[in-house]
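Quick note: the coordinates plus some simple rules give every number you see, no bench work behind them. None of these values were measured; they are calculated from a predicted model. Backbone-built Cβ (ideal geometry, glycine too); neighbour counts: all protein chains shown.
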Amino acid sequence: MSINRRSCSSLRQLSSYRMDTTADLNRRDDSDMAASRKAIHYYPLIRHADLCEETKHECVEIIVASCEKYPSNHEAAAKQIKETLDKRCGPSWHCVVGETFALEISYETKNIIYMFLNSNLGVCAWKCS
């Protein structure tokens, strides 16, 4: 059985076109679904705060300033947050900064804040003697 070269090349073009179109449709569907599922926050999103209002605002300012100063070095940001909170609010503050982490802690009542910055950076600061 002989196959015409012209028909083979047109079949390749047709199949590659279908694959590209399908890939584009899949990309559009994935991006639309991801956009509908994920809300991007450009402001500090406080998930849990057991603090008085004055201390809460002060903690948010400290956390935002530290994370803006060290955008890629989470360890340095956590250290600066801890040291600043120790100076302003008394000793024994602890801080975790990162994109993915889990924790189970004991803390003094009225002394914890858990928040997100730029929708992907989580920060948890708490006081424990």
Two pseudo-spin positions, 7 Å from Cα along C-beta at Arg88 and at Thr100, lie apart in nanometres by 3.2
Can you tell me the length gained on complete extension of the stretch His48 to Asn73, counting 0.36 nm per residue apart and subtracting the Cα distance? 6.6 nm
Candidates per GluC sites (Glu not before Pro) in segment 63-127, loop by DSSP, up to 11 other Cβ within 10 Å: Glu99, Glu104
Length gained, Val64-Asn118, 0.36 nm per residue minus C-alpha separation, equals 18.4 nm
Scan segment 63-122 for chymotrypsin sites (Phe, Trp or Tyr not before Pro) in coil per DSSP, keeping those whose Cβ has at most 11 other Cβ atoms within 10 Å, and list them by number. Phe101
Here, trypsin sites (Lys or Arg not before Pro) of segment 35-121 satisfying both criteria (DSSP loop; at most 13 other Cβ within 10 Å) are Lys38, Lys110
